[in-house]
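Data first, discussion second: the structure below is written as structure tokens.
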Amino acid sequence: MILCPAQPFDLSQIMQIERAAFIPSIQEKERVFDSRLQLFPQGFFVLIDSSVETVKKAGHAVTAGYFCSELWQSIPADNDFFALNHKPQKSHFRNGTVLYVSSIALLPDYQGKGYARSFFVSSLAALCGALPQIQTVMLLVNEEWKNALHIYTGEGFTEVRRLTNFFPSLHKKEKNDGIVMTCSADTFRKDGLLKHNENGSVVIKNDK
């Protein structure tokens with residue numbers, strides 16, 4: 001598995017992952033991903049499975065996941081900043097010190113195999129290592145997504161606030177809270193978090 005900078009031609013695969021990973025009510029639109037890619041290409045990655053087995057089976061390498069982010073000036077008090085399909089043009093600031101992980105997703109076939117944590121950590125290590133201005137990493141997670149919460153808390157993220165009834169639920173009629181979590185960017189500037197091939201590409205392995 002290889003971590004690669006996302007390109008405009010990746011958008012169709014990114015949307016396939018978005019539709020496969022999330023229920024329709026929280027899927028974001030292609031124009032939003034396109035805006036993020038144009039505004040902050042350095043903060044947008046795809047995870048490529050180019051293994052011999054996959055290429056033989058599919059006839060080509062497979063885009064297995066994506067990670068996208070924005071730079072914000074601060075942790076906002078206004079919940080509208082976190083709204084799904086918000087306009088990155090209004091929230092992203094080139095010199096922002098808060099890295100907001102706006103979305104990360106994997107195809108179902110790659111979930112539950114340890115790739116999510118490695119992809120998440122490697123993406124943050126690449127960004128925080130390249131951009132010393134980043135002081136804080138922030139994300140928003142559905143309280144119902146226990147596996148994601150396990151990864152985030154395991155990497156040092158802590159809850160700073162809640163967005164009441166923010167996410168629709170898969171299991172009940174009531175909505176779920178969104179949990180805003182933060183972590184120091186220095187956590188991801190440690191040596192050894194990125195594993196490189198001889199050609200310089202970043203290798204992602206599962207954690208199992």
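The values are calculated or read from the model by the stated rules, or taken from the named source; none is laboratory data. Values in this document were obtained by computation on a predicted structure and should not be read as measured data. All Cβ positions, glycine included, derive from the backbone under ideal geometry; neighbour counts span all protein chains shown. In case anyone asks, the SASA skips ligands and DNA or RNA and just uses the protein heavy atoms, side chains included. Shrake-Rupley method; radii C 1.70, N 1.55, O 1.52, S 1.80 Å.
Determine if the stretch 58-76 includes at least one residue that is surrounded by fewer than 20 Cβ atoms within 10 Å (Cβ to Cβ), charged (D, E, K, R) and over 19 Å from L194 (Cβ atoms). The answer is no; no qualifying residue exists. Within the stretch 108-127, count every residue that is on the phi < 0 side of the Ramachandran plot and open to solvent by less than 40 Å² (accessible area, probe 1.4 Å). Adding up the residues that qualify gives 12. Cβ-Cβ distances below 6 Å connect the following pairs, each with a first residue in the stretch 4-22 that is in contact (Cβ under 8 Å) with a residue 40 or more places away in the chain, a second residue that is open to solvent by 60 Å² or more (accessible area, probe 1.4 Å) and not acidic (D, E), and a separation of six or more residues or different chains: A20/P108. Scanning the stretch 178-195 for residues that are out of contact with any helix residue (DSSP H, G or I) (no Cβ under 6 Å at 6 or more places or on another chain), modelled with pLDDT of 70 or more and open to solvent by 70 Å² or more (accessible area, probe 1.4 Å) gives D186, K190, K195.
Within the stretch 135-165, the only residue that satisfies the criterion of being closer than 14 Å to F22 by Cβ, touching a strand residue (DSSP E or B) at 6+ places or on another chain (Cβ under 8 Å) and either of a type in the set (G, A, S) or open to solvent by 50 Å² or more (accessible area, probe 1.4 Å) (or both) is A148.
Just checking, how many residues over the stretch 53-93 are in contact with a strand residue (DSSP E or B) (Cβ under 8 Å, 6 or more places away or on another chain), touching a residue at least 40 places away in the same chain (Cβ under 8 Å) and assigned to a loop (DSSP other than H, G, I, E, B)? Break it down stepwise before answering.
Here is the first cut: in the stretch 53-93, the residues in contact with a strand residue (DSSP E or B) (Cβ under 8 Å, 6 or more places away or on another chain) are 54, 61-75, 79, 81-82, 88, 91-93.
Subset that is touching a residue at least 40 places away in the same chain (Cβ under 8 Å): 62-69, 71-72, 75, 79, 82, 88, 92.
Right, trim to assigned to a loop (DSSP other than H, G, I, E, B) and you get 75, 92.
Final tally of qualifying residues: 2.
Criterion first (in contact (Cβ under 8 Å) with a residue 12 or more places away in the chain and not β-branched (V, I, T)) does R31 satisfy it? Taking the combined requirement at face value, the residue does not satisfy it.
Would you call L124 within 27 Å of P24 (Cβ to Cβ), modelled with pLDDT of 90 or more and of a type outside the set (D, E, K, R)? Outline the logic, then answer.
Numbers: within 27 Å of P24 (Cβ to Cβ): no; modelled with pLDDT of 90 or more: yes; of a type outside the set (D, E, K, R): yes.
Here the answer is no, as L124 does not meet what is asked.
All conditions but one from (1) within 15 Å of the chain's Cα centre (by Cα); (2) among the polar types (S, T, N, Q); (3) farther than 28 Å from R94 by Cβ apply to Q42; the one that does not is (3). The residue that is farthest from S102 (Cα to Cα), among those in the stretch 166-186 that are out of contact with any strand residue (DSSP E or B) (no Cβ under 7 Å at 6 or more places or on another chain) and touching a residue at least 60 places away in the same chain (Cβ under 8 Å), is L170. Residue count for the stretch 1-52 satisfying the condition of being acidic (D, E) and either out of contact with any strand residue (DSSP E or B) (no Cβ under 9 Å at 6 or more places or on another chain) or under 30 Å from S169 (Cβ atoms) (or both): 4. In the stretch 134-180, the qualifying residues are those that are more than 19 Å from the chain's Cα centre (by Cα) and of a type in the set (S, T, N, Q), and the one that is nearest to P76 (Cα to Cα) is T164.
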